[in-house]
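Inspection log for the structure reproduced underneath, given as C-alpha cells.
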C-alpha cells in the first residue's frame, strides 16, 4: 500500500521558464519508507504553475490522496 509519494523536481528547467515546475522523478513508498515504484510514466514534461497544481495532478494520476504527496526540491 502506498503511504507516501515523493516528487523530485526537474532541475533542468531553462531560465526563461522560471516559476514553472516539472517532475524529475516520482517515487511511491510504503509505510516503512521503502520504494514501491518509480513512476516513469509521470515524467512527461507537463508544466505546472504551482506546487498545489503539481500535487493534485500527481495524486489524481496515481489514485492517492494529495495529503501523501510531497515535493522534494
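Each value in this text was obtained by applying a stated rule to the coordinates, not by laboratory testing. Model, not experiment: these values are computed from the prediction.
May I ask for the angle, rounded to the nearest 10°, between helix 51-62 and the longest principal axis of the chain, with both axes built from Cα atoms and the value confined to 0 to 90°?
The helix 51-62 is inclined about 50 degrees to the chain.
Out of all DSSP beta bridges in the chain, what portion is antiparallel? Express it as a percent rounded to 5.
Of those bridges, close to 70 percent are antiparallel.
At 222 nm, what value in deg cm²/dmol follows for the chain if DSSP H runs of at least 4 each add -39500 (n - 2.57) and the sum is divided by all its residues, to the nearest 500?
Rounded to the nearest 500, the figure is -5000 deg cm²/dmol.
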